[in-house]
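The values are calculated or read from the model by the stated rules, or taken from the named source; none is laboratory data. Being a predicted model, the structure only gives us computed values, none of them experimental. Methodologically, a virtual Cβ is constructed for each residue, glycine included, from the backbone with ideal geometry; neighbour enumeration extends over all protein chains shown. Heads up: the accessible areas ignore ligands, DNA and RNA and are worked out on the full protein's heavy atoms, side chains in. Shrake-Rupley method; radii C 1.70, N 1.55, O 1.52, S 1.80 Å.
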Number of protein chains: 2
Amino acid sequence: MTEGKVTPWDVSGTIDYNKLIREFGVEYISAEQKQYLLELAKAKGLQEHIFLRRGLFFAQMDLSEVISAHKAGQSIFLYTGRAPGGSMHLGHLIPFLFTKFLQDLFDCNLYIQFPDDEKFLFKKDLTQSKVDDMCQSDLLDVASFGFNIEKTFIFRNSEFIAHMYPLVLEVSKRLTFSQARNTFGFTNDSNVGMIHYPALQITPTFFERGFCLIPCGIDQNPYFLLQRDFAVKMGFHKNATILNKFLPSLTGPAGKMSASDPSKALLLSDDAATIKKKINKYAYSGGRETLEEHRKFGGNTEIDVSFQWLYYLFEEDDMVIEQIKKNYESGSMLSGEMKALFIDKVNAFFSDFQARRVQCRETNLLRTYMYEGTLAKAMWERTGH
Amino acid sequence: MTEGKVTPWDVSGTIDYNKLIREFGVEYISAEQKQYLLELAKAKGLQEHIFLRRGLFFAQMDLSEVISAHKAGQSIFLYTGRAPGGSMHLGHLIPFLFTKFLQDLFDCNLYIQFPDDEKFLFKKDLTQSKVDDMCQSDLLDVASFGFNIEKTFIFRNSEFIAHMYPLVLEVSKRLTFSQARNTFGFTNDSNVGMIHYPALQITPTFFERGFCLIPCGIDQNPYFLLQRDFAVKMGFHKNATILNKFLPSLTGPAGKMSASDPSKALLLSDDAATIKKKINKYAYSGGRETLEEHRKFGGNTEIDVSFQWLYYLFEEDDMVIEQIKKNYESGSMLSGEMKALFIDKVNAFFSDFQARRVQCRETNLLRTYMYEGTLAKAMWERTGH
């Protein structure tokens, strides 16, 4: 197994989260923070989200500031994003599912950035027209999560740029080349668009004067670490993040699920038969080589992809997941049975999601999020100057 | 005298134009090129422009390509710009006066960029609100030169950014950090906006598929030298430039007239009495220490600021300027008399310009150039995507 590598553009290998926490300058979510969020959820009649309970969201930066602000009745807003890729898979859902939970929890505004510019600038052979296509598909996916339609603004950088340009300039004036290079490893061959891009990703943290909380993968934290160097001087609060681990890709426990080989990832657009085939064929198993050995020594849930996804995402019931673990590790449950459980859950989830996506398309909900909802309208009415 | 220094942001000292030509990778305007432009002017009933005849515009890059294109009936367009400074002075007029001549000559579209973003990014203590103020004043000045109202588009980068962003991205993707650094001398402390800015200034060279000719000071040529590295790969022509020397500042023959001390520059907004006072008080003279010496040895027209401006800008008549030169160098004309000629010409010019500026404000001509003229409208209808 190769050592883990985590940058904002690449996550691969086996990830040592203790090391990552140190490297990224963040902290584990504390017991108190977790408790506050779970109790708030309970008080609001929301589910105590499995991502928090089981620790898929595990780290944070300044989450206590946001909690204090919330306790004091101060304004909070959420910000996350999606670099258009054209075929969202199971792993891409994580931040959005949690963002939906957080929006319900805080009943607050949410900004979702589509950095189509970043995608184009960082991928050598990609044309803008190809990025456009990928964007259209992803936008519809993201609009299907059920975010508050009046309090959510989804925007593409290339479309919204004039309206955020004054803020972009304020940010880019405060970010030196050496800061950007030290954080992102730019070289002489990096294009000037790449070097400038961090300003674009940081800018929405200044869309409001309140406290900005960003649910995202830990690989995106470096942008928001930089923001803290100048936020207060700009008259804003430092941003806070709440960060998720990477769930294993279908084919193995290392790295995050990659869409670069869509034949081996569970795509939101896959039908039930395809999902079944992919999981049976590719899902990395913690089972033994032979049935005999499996019955005798049991399977390994730590590396079993199906179990990991059941644990972190699909099987909410603590008793049930505990029983599954026990059965698998004792050898009484076989890999095929574990996969069957996983297949059922994915297909139920996807079929529900796809139905919402169709509804979203038919009701033109995306237009509301992007242009016509209360928040969207207010953002477009904001002039550049 | 200090050795000359010429960068896109700073021109000072005594300038060695032979050296500059080599350093900037451009060539002198050839006799044939000059002849073509002058004959074209004559054929069109235009003046044979003094800037060409006397050599204020003295250098070029690929001007022959533009001339060939014109001979072949291919499309040509002009592009120039003005970094907002808030108080335009005599020296700032040069490129615009010549641009007006070229637009009449080629009867073509003209794009005038106001890089308000550049100004903000490169000046440490400047706020965007201050840049806005400077922009408003300069825009009105630039709109007063009499450009073709249907074929001229004046735009502020911060306002037009969304419409040119796809092109900006194409450019910035092709411009590496090392190219930008080698050209502009960026350091670790340069902000990421500065490093990205060259893409913004290059972008309008791609506003049309035809041949782009850029009249500007030689200090701006580095941007357009970079453009040639990737223009053809992008499916466009390489841009061409036609470049002016710097006229001396009022207080001395070295460097270009600086507006940093407006008390010592001839501002477009100055009234006649102020102009007279400034010239009499500050205009660097090539006269002798005493009247006696002057009568005996004569004055030096090479360093006499009033003569230089008369020669390059105001006194069109070759016989008259020759006579002035002879009289001054022989000692029969005194410095005060030379200044009086200069004062008269500046005041006649400024009074005419100020009247046009008032008319321009009253008729809201700026709005036509920026939003409502034929070209302006077409540019705003161009979508970003």
(message) Could you go through segment B:111-130 and let me know if any residue there is part of a strand (DSSP E or B), at the interface with another protein chain (Cβ under 9 Å from one of its Cβ atoms) and farther than 27 Å from A:Asp189 by Cα.
(response) no
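Report yes if some residue within segment B:90-100 is within 29 Å of B:Lys278 (Cβ to Cβ) and in contact with a Gly (Cβ under 7 Å, 6 or more places away or on another chain); otherwise report no.
Here is the first cut: in segment B:90-100, the residues within 29 Å of B:Lys278 (Cβ to Cβ) are B:90-100.
Filter once more, so that each one left must be in contact with a Gly (Cβ under 7 Å, 6 or more places away or on another chain): B:95, B:100.
There is at least one residue in segment B:90-100 that is within 29 Å of B:Lys278 (Cβ to Cβ) and in contact with a Gly (Cβ under 7 Å, 6 or more places away or on another chain).
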(message) Can you list residue pairs whose Cβ atoms sit under 7 Å apart, with the first residue in segment B:113-124 being more than 17 Å from B:Asp138 (Cα to Cα) and the second being assigned to a helix (DSSP H, G or I)? Count only pairs 6 or more apart in sequence or on different chains.
(response) B:Leu121/A:Leu169; B:Leu121/A:Ser172; B:Leu121/A:Lys173; B:Leu121/B:Gly193; B:Leu121/B:Met194; B:Leu121/B:Tyr197; B:Phe122/B:Met194
(message) So, A:Ile154, is that one part of a helix (DSSP H, G or I), in contact with a Leu (Cβ under 8 Å, 6 or more places away or on another chain), β-branched (Val, Ile, Thr) and buried (at least 22 other Cβ atoms within 10 Å of the Cβ) or not?
(response) no
(message) Among the residues that make up segment B:323-341, is at least one of them open to solvent by 30 Å² or more (accessible area, probe 1.4 Å) and on the phi > 0 side of the Ramachandran plot?
(response) no
(message) Criterion first (at the interface with another protein chain (Cβ under 7 Å from one of its Cβ atoms) and hydroxyl-bearing (Ser, Thr, Tyr)) does A:Thr176 satisfy it?
(response) yes
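Identify, from the list A:Ser330, A:Ser351, the residue that is of a type in the set (Gly, Ala, Ser) and in contact (Cβ under 8 Å) with a residue 40 or more places away in the chain. Full working, then the answer.
On the way: A:Ser330 fails: in contact (Cβ under 8 Å) with a residue 40 or more places away in the chain.
Just a single option satisfies the conditions, and that option is A:Ser351.
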(message) Can you pull out every residue in segment A:333-370 that is closer than 29 Å to A:Glu159 by Cβ and either touching a Cys at 6+ places or on another chain (Cβ under 6 Å) or charged (D, E, K, R) (or both)?
(response) A:Arg356, A:Arg357, A:Arg361, A:Glu362, A:Arg367
(message) If I ask for residues that are surrounded by fewer than 19 Cβ atoms within 10 Å (Cβ to Cβ) and in a helix (DSSP H, G or I), which ones from segment A:66-92 would you list?
(response) A:Ser68, A:Ala69, A:Lys71
(request) Tell me, please, whether a residue that is within 12 Å of chain A (Cβ to nearest Cβ) and part of a helix (DSSP H, G or I) can be found in segment B:225-232. (result) yes
(request) Within segment B:361-384, track down each residue that is modelled with pLDDT under 95 and surrounded by 16 or more Cβ atoms within 10 Å (Cβ to Cβ). (result) B:Gly384
(request) Name, by its number, the condition in (1) under 19 Å from the mean Cα position of the chain (by Cα); (2) modelled with pLDDT under 90 that does not hold for A:Glu3. (result) (1)
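From B:Lys377, B:Lys345, which residue is part of a helix (DSSP H, G or I) and under 30 Å from B:Gly299 (Cα atoms)?
Working: B:Lys377 fails: under 30 Å from B:Gly299 (Cα atoms).
Within the list B:Lys377, B:Lys345, the selection yields B:Lys345.
When segment A:170-186 is examined, which residues are found to be assigned to a helix (DSSP H, G or I), open to solvent by 10 Å² or more (accessible area, probe 1.4 Å) and in contact (Cβ under 8 Å) with a residue 40 or more places away in the chain? Spell out how you get there, then give the answer.
Here is the first cut: in segment A:170-186, the residues assigned to a helix (DSSP H, G or I) are A:170-174, A:177-184.
Filter again for open to solvent by 10 Å² or more (accessible area, probe 1.4 Å), leaving A:170, A:173-174, A:178-179, A:181-184.
Correct list: A:Glu170, A:Arg174, A:Gln179, A:Thr183, A:Phe184.
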(message) So for segment B:161-169 (the condition being over 30 Å from B:Arg367 (Cα atoms) and either in a helix (DSSP H, G or I) or away from chain A (no Cβ under 12 Å) (or both)), does at least one residue qualify?
(response) no
(request) Taking only segment A:301-322 into account, find how many residues are open to solvent by 20 Å² or more (accessible area, probe 1.4 Å) and in contact with a Pro (Cβ under 7 Å, 6 or more places away or on another chain). (result) 2
(message) Give all pairs with beta carbons closer than 8 Å in which a residue from segment B:306-323 that is among the β-branched types (Val, Ile, Thr) meets a residue that is open to solvent by 10 Å² or more (accessible area, probe 1.4 Å); count only pairs at least 6 apart in sequence or on separate chains.
(response) B:Ile321/B:Tyr311; B:Ile321/B:Glu315
(request) Would you be able to tell me the number of residues in segment B:22-51 that are surrounded by 15 or more Cβ atoms within 10 Å (Cβ to Cβ) and either of a type in the set (Gly, Ala, Ser) or free of Cβ contacts under 8 Å to residues at least 40 places away in the same chain (or both)? (result) 8
(request) Taking only segment B:18-48 into account, find how many residues are closer than 16 Å to B:Asp104 by Cβ and either assigned to a helix (DSSP H, G or I) or modelled with pLDDT of 95 or more (or both). (result) 11
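Just give me the residues in segment A:69-82 being in contact with a strand residue (DSSP E or B) (Cβ under 8 Å, 6 or more places away or on another chain) and small (Gly, Ala, Ser), in sequence order. It would help to see each step written out before you state the result.
Narrowing segment A:69-82 to residues in contact with a strand residue (DSSP E or B) (Cβ under 8 Å, 6 or more places away or on another chain): A:69-70, A:74-82.
Scanning segment A:69-82 gives A:Ala69, A:Ser75, A:Gly81.
Can you tell me which residue within segment B:263-281, out of those that are in contact (Cβ under 8 Å) with a residue 60 or more places away in the chain and of a type outside the set (A, V, I, L, M), is farthest from B:Ile94 (Cα to Cα)?
B:Asn280
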(message) With the requirement that a residue be closer than 18 Å to A:Leu63 by Cα and among the polar types (S, T, N, Q), what does segment A:15-31 give you?
(response) A:Ser30
(request) Filter segment B:281-300 for residues that are part of a helix (DSSP H, G or I), more than 24 Å from the chain's Cα centre (by Cα) and either hydrophobic (A, V, I, L, M, F, W, C) or surrounded by 15 or more Cβ atoms within 10 Å (Cβ to Cβ) (or both) and give the result. (result) B:Leu291, B:His294, B:Phe297
(request) Please list, ordered by first then second residue, the pairs with beta carbon atoms under 8 Å, 6 or more apart or interchain, first in segment A:282-304 and without any contact (Cβ under 8 Å) to a residue 40 or more places away in the chain, second among the basic types (Lys, Arg) and surrounded by 13 or more Cβ atoms within 10 Å (Cβ to Cβ). (result) A:Tyr282/A:Lys264; A:Lys296/A:Arg288; A:Phe297/A:Arg288; A:Gly298/A:Arg288; A:Gly299/A:Arg288; A:Thr301/A:Lys325
